[in-house]
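Inspection log for the structure reproduced underneath, given as structure tokens.
The values are calculated or read from the model by the stated rules, or taken from the named source; none is laboratory data. In this text, all values refer to a predicted model and were calculated from it rather than measured experimentally. So basically every Cβ, Gly included, is an ideal-geometry build from the backbone, and we count neighbours across all protein chains shown.
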Amino acid sequence: MINSVISTLPEPGTHVGPWEVVRQLGRGGMAVVYEVRAADGRTGALKLVHPRGGDRAEVEERFRRELRAASRLHHPNIVAVLDSGAWEGRDWFVMELVEGRDLRVEVEAWERDPPADRWLRVRQITADVARALTAVHAAGLVHRDLTPGNVMIRADGRAQLVDFGVAKETTPLVPGGEELTSHGELLGTVAWMAPEQIAGDSVDARADLYSLGAILYLLLTGRRPFHARTLAGYLDKHLHRPVRPPRELAPAIPADLDEMCVRCLQKDPAQRFSSARHVLHALEAEPQTGANLARWPEEAVGWAFERGAIVGAVEACAEGAGGVVVITGAAGVGKSRLARLAVEAATASGCRVHALAGGGAQGGLESFRPLVEALVAAAAEPPHVLQALLGAFGETVVVERFAVFSAVRSLLLNTPPRVIVVDDVHRLDATSLELLEYLVRTTRSLAEEAILWVLTRSPDAPAGSGLASGTATGVKPALVELGPLPLQAVEELLSGVLGADAPVRALARRLHREGEGNPAFIVEMVRGLIDERIVVVEEDGRRRLRLDEAAVSRAALPIPRSAREALLTQVARLGPDATAIIRVLSIARQELSIEAVADVLGRADAELVAAVEETVTLGLVRERRVEGVIQVDVAQPRLREVVERELGAGDRAALHRRVGETLERLGRRRIHLVVDALAHHFEAGEMPGKAYSYLLRSGTRFLERSFTVEALARFNRAVALEPEARELLPLDDADRALCDLLLKRAEALEAGGDWALLDADLARAGALAEELGDDRLGARVRSAAGRRARQTGDLTAAERLFGEALAMAERAADQPTRAFVLNQLGTVMWSRGDLEAARRHWVEGLAVAEGARDERSIGYGYNGLGMVAACRGQAAESRRNFEQAAAVFERIGLAAPLTWVRGNLVEVHVCTGNLRRGLELAEKTVAHAREVNHAGGIVLARAGLADVLIHLGRVDEGKVEAEATVAVARNLAEPAHVLTALIPLMRALWALGDAEQLAPLADEALALAVEYDHEGWAGIVHAWRARLFALNGNAAGARAEVAAALDTPGPRWPYQEVRLDIALARVFSLLGDPSEALRHADAAIRRADACGYRLYVLKGHMMAAAWSTDDAAVARHARVADALGRALAANLPAADAERFLASSWLRS
């Protein structure tokens, strides 16, 4: 009988409590959901425990936990709980019935929306979900099952969060929370789950932010951030694989949404946003806070988990479970704000709350007076001892303390639940501390009353340590330890009052570093920014930072007056030697040996030993031993700022000069290690001659390692300083130095694509070299001009200029320049298709470079020989030379040419069918090119990556990558790069059958190929145009394009001949000429087989099998294609292997 009752489900018309069942909406493993209606016409969604929901006790506890969680939340973006109860022994509750659709359906409906409308909806929905999460986390909960299916979109467009079946309370009172799962069981939907949740680690609110990022990825791209066919595949990708930025799939996605999505999806929770409110600030979906800066910030920012834990503890107390929470942390980190949060949460939950603080009058239990007064006022017959105590507060009347303790305890237990907050426990007098320990012990250890004690204390103070450890009470408290604010929390703090743009984020990084994560100090610094009008208030009341991102790193930020005065007071107490040491270290901005400090001050080392010890003892200076030498530096960055500002301009400049001279003298044998510091000190010390020289040397060091942005910054400073430095140099020396500077800046400008300034620098450098009559400089000028001519497609001018450069380098006996120019001449010859002449120049250049020990030109030489081998169809030889070049460039740290060589290697790997290695190297090359900000290298690397993806059968990804590459190339305004980028895009369009979009791209590529085709793409593009004509039934047009493809002038490298044969075979197949199609397929097989291009051998056999009329030939070609295809797929991951063998590319 009992089993039959339990197994029943309500039918339509059945009443569950006051609700009539209308129909069943759905069912899951734990519960069944019905549409219900009340007598007053209200509708709702009733959730009833399933009669057969697995482990009965666990199901019921999970259900009750969901009810507790959902009942706490009252927010317009969260579905509200309307009622709850039990029906036939099973729990139920009723929620709002949302008229709308879930987010998965909503996204599918966006496909044809204009992009602007879609991005607006993305922002609105993301903001709605973030608002809901803000409320969830503020209630001490983590949702843990945030998926598109748990986000409903109402008819009015508002998003609402539903389903708290796996929500977790963050109360610290139960170790590990209230987990109800066995070890390793995964709650939630794994495709949207945070890595730490998958790994079974502890989770906090930031786990929900990861899931929010996954949902945002879906909103932006229409797809999940990771795809896998198995659970294990999803787990691996969420745990270990970085997410691909949405903009790489759809370049039209707004940059800020792309950045937000990627940040939410970081594996490390510390790298995500600080909180859901932080996300709202980044979306600019929340008004600026802190209107009253005297009280800002009004809540403890950055402690999302800790805030949730406090709120959760209060909620648990309201439900009958008391406890002890001890909040510890240094001054200014936010202990008191969390204490106030506990008071606010207790008031909201209906608990009786008492807020106390240490630090009142000594003795007499003064700190507990508010509690005693409240207890006495509420008692019908208050104990006499407490009435006597109230009269004795502040006097010397003796009251027996244990009678007081017992009376206070008895009143506390009369009407729980209570929350008692004691701030600054370490400042309580001895008797008050004794009372507190007694009350905690007797209400929590000797009894289990619904009383929650929330205590704050400094970890360094001895008072209250027994409470924190539990030794004084027998109660092990939950410890909430506050350290320095993490960077993300500082960002959140600032974004609430200044917005969340790049300059504000840069300011957050600086304040975090200089404020050492102390929120009180950081807040004071922000107030100082407002006082000094670095932050201004606009007419609409919004605050704005007046500095751009670059200026934030350079500007002198205000130091809070209290901190400045405290530091200056400490320095004022020092003796003269100690003060001088502090000043030197503040100006130096780096560690110095005691020898160096003494040299700056013109003193002997021994004379400063006592003064150094004085500064170290006071904590103003730190010292460490490096290779047996004691190094010293200021202990606090803000001390450096304070001391430097207190110096007058003249004293500051003089000290910079002396520091620079000392570093120069002591670092003479390792000057390359200090050139940047020397440039800074001599520039600040108003010594333009030395500053100019060291800026040039510093920039050169960065340029040699392909750090072109850093190099350009120093070259620009040197150019600005040059007129002052010129006055200190002989005329020829000044002109020679300027010519050298301009040539090096031109090289840096080339990497960034600033062609106008580059051309101006070359012209100016040429005039100077001509005026000087200096062959060494002249050779460099003509070499740079030759490179520029080759970039613009003028090979005749390039050859002439390189020839002149070579003659000048030979006259000047400048072997490194000679080797470099020979390499450049080899490139010109290669561009013209004269492989033998190119090889001669590269071999000669390699010999000269080896004699001069010029590793840069050695690398260029091996790269050139690799190109010759590739163009002769010698795949193995080309790979060896490219790998040798890559090893050289990697060893000497030349990032830009390393990018080009790796791009060549990717091409070899593709042709030879080693797609796995090609993909790994292409991804590595893209990351490397971005790291060094080499625009041309980024184009080559991304084009290579797109090509690999297409050949793997990941055509959609390849198309997106190719489209983004074309956009980058066009923005660079480099025609040869545009042609390089167009090729994989057209290949992707063929694989996708998108002939309409392909036609204009082919026209553009042919127009560019007239001057910029050095690899023989023109013939292949003509063949693709022929195929377009054939598809449209225009046989005459197709044959004319075939003729153009065969007659195209320029180089015909074997790998391009193979591709041309394959393209022409497709054309003749469409023209109904199978014999000619088969002839070209056979030619492709022969050429590709001779060169080792296994990928094209495979494609040739597939085509031959399709078009052969002889059954034996068909079987032979099919057998070879099958075996070769499986061989090439063998080293690929299973998913890639499957896609490769079924690839539309192989069939297109």
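The conditions of being buried (at least 24 other Cβ atoms within 10 Å of the Cβ), of a type in the set (A, V, I, L, M, F, W, C) and not assigned by TED's automatic domain parsing to the domain that holds Tyr1055 are not met by Ala887.
No other residue among Val926, Val955, Val978, Val939 is of a type in the set (Val, Ile, Thr) and in contact with a His (Cβ under 8 Å, 6 or more places away or on another chain) apart from Val939. Taken over the stretch 428-486, residues that are closer than 17 Å to Ala357 by Cβ and aromatic (Phe, Trp, Tyr) amount to 1.
Selection of first residues in the stretch 651-669 that are in contact (Cβ under 8 Å) with a residue 12 or more places away in the chain and of second residues that are aromatic (Phe, Trp, Tyr) and surrounded by 19 or more Cβ atoms within 10 Å (Cβ to Cβ), restricted to Cβ pairs under 7 Å at least 6 apart or on distinct chains, gives the following pairs, ordered by first then second residue: Gly660/Phe682.
Thr43: surrounded by 18 or more Cβ atoms within 10 Å (Cβ to Cβ) and polar (S, T, N, Q), yes or no?
The answer is no for Thr43.
Residue selection: Leu749 satisfies the criterion of being assigned to a helix (DSSP H, G or I), buried (at least 18 other Cβ atoms within 10 Å of the Cβ) and touching a Ser or Thr at 6+ places or on another chain (Cβ under 9 Å). For the stretch 1041-1058, a residue qualifies if it is among the aliphatic types (A, V, I, L, M) and free of Cβ contacts under 8 Å to residues at least 12 places away in the same chain, and exactly one does: Ala1043. Being among the β-branched types (Val, Ile, Thr) and in a strand (DSSP E or B) holds for only one residue in Val584, Val632, and it is Val632.
For the stretch 698-736, a residue qualifies if it is more than 30 Å from Arg930 (Cβ to Cβ), in contact (Cβ under 8 Å) with a residue 40 or more places away in the chain and hydrophobic (A, V, I, L, M, F, W, C), and the qualifying residues are Leu728, Leu729.
Being touching a helix residue (DSSP H, G or I) at 6+ places or on another chain (Cβ under 6 Å), of a type in the set (A, V, I, L, M, F, W, C), buried (at least 21 other Cβ atoms within 10 Å of the Cβ) and under 26 Å from Trp755 (Cα atoms) holds for only one residue in Ala1009, Ala988, Ala1018, and it is Ala1009. Screening Trp119, Trp110 for residues that are in a loop (DSSP other than H, G, I, E, B), in the same structural domain as Asp258 (by TED's automatic domain parsing) and surrounded by 13 or more Cβ atoms within 10 Å (Cβ to Cβ) leaves exactly one candidate, Trp110. The set of residues from the stretch 205-234 being of a type in the set (A, V, I, L, M) and surrounded by fewer than 18 Cβ atoms within 10 Å (Cβ to Cβ) comprises Ala228, Leu231, Ala232. Right, Leu949: in contact with an Asp or Glu (Cβ under 6 Å, 6 or more places away or on another chain) and of a type outside the set (Ser, Thr, Tyr) or not? For Leu949, the condition - in contact with an Asp or Glu (Cβ under 6 Å, 6 or more places away or on another chain) and of a type outside the set (Ser, Thr, Tyr) - is met. Here Arg64, Arg27, Arg72 are screened, and the one residue that is buried (at least 19 other Cβ atoms within 10 Å of the Cβ), modelled with pLDDT under 80 and within 43 Å of the chain's Cα centre (by Cα) is Arg72. Mind checking whether some residue in the stretch 177-187 is modelled with pLDDT of 85 or more and either within 28 Å of the chain's Cα centre (by Cα) or crowded, with 17+ Cβ neighbours inside 10 Å (or both)? No, that holds for no residue. Might you let me know whether the stretch 1087-1095 holds any residue that is over 20 Å from Arg987 (Cβ atoms) and part of a helix (DSSP H, G or I)? Looking through the stretch 1087-1095, at least one residue is over 20 Å from Arg987 (Cβ atoms) and part of a helix (DSSP H, G or I). For the stretch 97-104, the count of residues that are under 32 Å from the mean Cα position of the chain (by Cα) and buried (at least 16 other Cβ atoms within 10 Å of the Cβ) is nonzero. Candidates are the residues of the stretch 755-791 that are more than 18 Å from Leu731 (Cα to Cα) and surrounded by fewer than 17 Cβ atoms within 10 Å (Cβ to Cβ); the one that is farthest from the chain's Cα centre (by Cα) is Ala763. Of all residues in the stretch 1003-1030, those that are β-branched (Val, Ile, Thr) have Cβ atoms under 7 Å from Cβ atoms of residues that are part of a helix (DSSP H, G or I), 6 or more apart or on another chain, in Ile1020/Gln1056; Ile1020/Arg1059; Ile1020/Leu1060; Ile1020/Ala1063; Val1021/Ala1002; Val1021/Ala1005; Val1021/Leu1006; Val1021/Ala1009.
Per-residue answers, yes or no, for (1) in contact (Cβ under 8 Å) with a residue 12 or more places away in the chain; (2) outside the structural domain of Ala130 (by TED's automatic domain parsing); (3) farther than 19 Å from Val203 by Cβ; (4) not in a helix (DSSP H, G or I):
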| site | (1), (2), (3), (4) |
| --- | --- |
| Pro225 | yes, no, no, yes |
| Ala232 | no, no, yes, no |
| Leu235 | yes, no, no, no |
| His238 | yes, no, no, no |
| Glu248 | yes, no, yes, no |
| Pro251 | yes, no, yes, yes |
| Asp256 | yes, no, yes, no |
| Lys267 | yes, no, no, yes |
| Ala270 | yes, no, no, no |
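So is Ala875 buried (at least 21 other Cβ atoms within 10 Å of the Cβ), more than 25 Å from Ala935 (Cα to Cα) and in contact with an Asp or Glu (Cβ under 7 Å, 6 or more places away or on another chain) or not? For Ala875, the condition - buried (at least 21 other Cβ atoms within 10 Å of the Cβ), more than 25 Å from Ala935 (Cα to Cα) and in contact with an Asp or Glu (Cβ under 7 Å, 6 or more places away or on another chain) - is not met.
The helices (runs of 4 or more DSSP H) located wholly in the stretch 403-520 that include 1 or more residues which are under 30 Å from Pro383 (Cβ atoms) and in contact (Cβ under 8 Å) with a residue 40 or more places away in the chain occupy 430-440, 465-469. Within the stretch 602-634, the residues that satisfy the criterion of being surrounded by 11 or more Cβ atoms within 10 Å (Cβ to Cβ) and polar (S, T, N, Q) are Thr615, Gln631.
Residues being modelled with pLDDT under 85 and among the aliphatic types (A, V, I, L, M) are entirely absent from the stretch 148-158. Evaluating Arg603 against the criteria (1) in a loop (DSSP other than H, G, I, E, B); (2) touching a residue at least 40 places away in the same chain (Cβ under 8 Å); (3) not assigned by TED's automatic domain parsing to the domain that holds Val523; (4) not β-branched (Val, Ile, Thr) leaves one unmet condition, (2). Among the residues of the stretch 562-570, at least one is at pLDDT below 75 and either surrounded by 19 or more Cβ atoms within 10 Å (Cβ to Cβ) or closer than 19 Å to Leu507 by Cα (or both). Assess whether Ala556 counts as being of a type in the set (A, V, I, L, M), under 30 Å from the mean Cα position of the chain (by Cα), assigned to a helix (DSSP H, G or I) and surrounded by fewer than 18 Cβ atoms within 10 Å (Cβ to Cβ). Judged against the criteria, Ala556 is not a match.
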